[in-house]
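Below: one structure in structure tokens.
The values are calculated or read from the model by the stated rules, or taken from the named source; none is laboratory data. Keep in mind that what you see is a predicted model, and the values were worked out from it rather than measured. Neighbour counts run over all protein chains shown; Cβ positions are idealised from the backbone, glycine included.
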Amino acid sequence: MAFSLIDLSKNPRPALWAHTIHHHGIEPGWESDGVGHISWDIQGGSYTYQWRPMYPGTYFYHCHTNTVLHAEMGMYGALIVDPPEGPGTLFSGGPNYDEEVFWVVDEIDSRWHTLSWDAGTCGQDVGLNVLNPDYFVITGVDGTGTSAMNAPLISATVQVGQKLLARYICAGYHPQRIRFGGLTGTVYASDGRPLPRPIQVEELRAHSGERYDIIFEPTIRGEYMIQADVIHWITGAVLGQVSTNVKVI
Ligand SMILES: [Cu+2]
């Protein structure tokens, strides 16, 4: 492990700036929280993040260097903590599941992707307050066509009587609404913690960074369309939509 702590008040901006990992819900110490300036800023080399997973669940992490831009660029991910029982159990004492899918929904404004990695860090207004998405993705796959249909880790085929766990993450900046095409799901946990009591839902609304663990126990064979709308945070207009499917056989 090689790193140096940079005092920004005394050092010029380095030619090579690193990225960091900032966790949501994991609660590491400050030295592993990845928030620029108050955690480690690393000039070259690498840093090993350390923390102890205390609660099983669905977590979210993202880069915290020039955060708004880098997270939009796709520097984020899902982090799954399984209970001691292993995959197949959501949390100790919680429900079991047979299949697992990941619905990580995000919007992309391709204009932002023409910017330099450090755009705006010296106080310039580079327009990061304007997000007009022209691409919509689910778990890294184009969600507007058919790419996410029957896609591994996103789409699922289950039998009547089986339980499907969907780990849904709102990874965009605009709010979202996800609809389950006629399936009723049960939300058992959110943001890495069990709910006081499970809630039955036919759709969910979520804001940036929120996670929901939803279990479906379909009783009727058929193909169900899962659709998430990306909704403008001021006007409420639907800006775009991603789709995938669940087949019940
Ligand atoms: Cu970064």
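Filter the stretch 22-70 down to residues that are at pLDDT 90 or above, within 13 Å of the ligand (Cβ to nearest atom), among the hydrophobic types (A, V, I, L, M, F, W, C) and surrounded by fewer than 20 Cβ atoms within 10 Å (Cβ to Cβ), then give me how many there are.
Count: 1.
Looking at TYR173, is it out of contact with any helix residue (DSSP H, G or I) (no Cβ under 8 Å at 6 or more places or on another chain), touching a residue at least 24 places away in the same chain (Cβ under 8 Å) and of a type in the set (Phe, Trp, Tyr)? Walk me through it before giving the result.
On the way: out of contact with any helix residue (DSSP H, G or I) (no Cβ under 8 Å at 6 or more places or on another chain): no; touching a residue at least 24 places away in the same chain (Cβ under 8 Å): yes; of a type in the set (Phe, Trp, Tyr): yes.
Considered against the rule, which asks whether it is out of contact with any helix residue (DSSP H, G or I) (no Cβ under 8 Å at 6 or more places or on another chain), touching a residue at least 24 places away in the same chain (Cβ under 8 Å) and of a type in the set (Phe, Trp, Tyr), TYR173 comes out as no.
I'm trying to understand the selection: among the residues of the stretch 172-198, which are aromatic (Phe, Trp, Tyr) and assigned to a strand (DSSP E or B)? Before the answer, list the steps.
First, pick out the residues of the stretch 172-198 that are aromatic (Phe, Trp, Tyr): 173, 180, 188.
Residue satisfying the conditions is TYR188 alone.
Pick from ILE169, ILE154: which is within 14 Å of the chain's Cα centre (by Cα) and either part of a loop (DSSP other than H, G, I, E, B) or at pLDDT below 95 (or both)? Before the answer, list the steps.
Details: ILE169 fails: either part of a loop (DSSP other than H, G, I, E, B) or at pLDDT below 95 (or both).
So the residue among ILE169, ILE154 that is within 14 Å of the chain's Cα centre (by Cα) and either part of a loop (DSSP other than H, G, I, E, B) or at pLDDT below 95 (or both) is ILE154.
Can you confirm whether the stretch 5-19 contains a residue that is under 28 Å from LEU165 (Cβ atoms), modelled with pLDDT of 85 or more and within 16 Å of the ligand (Cβ to nearest atom)?
No - not one qualifying residue is present in the stretch 5-19.
Taking the stretch 91-120 on its own, how many of its residues are more than 21 Å from the chain's Cα centre (by Cα), farther than 20 Å from GLY172 by Cα and not in a loop (DSSP other than H, G, I, E, B)?
1
Moving on. State whether one or more residues within the stretch 71-81 are part of a strand (DSSP E or B), within 16 Å of the ligand (Cβ to nearest atom) and not aliphatic (A, V, I, L, M).
Initially, the stretch 71-81 is screened for residues part of a strand (DSSP E or B), giving 76-81.
Narrowing the set further to residues that are within 16 Å of the ligand (Cβ to nearest atom) leaves 76-77.
When the remaining residues are screened for being not aliphatic (A, V, I, L, M), the result is 76-77.
Checked the stretch 71-81: at least one residue is part of a strand (DSSP E or B), within 16 Å of the ligand (Cβ to nearest atom) and not aliphatic (A, V, I, L, M).
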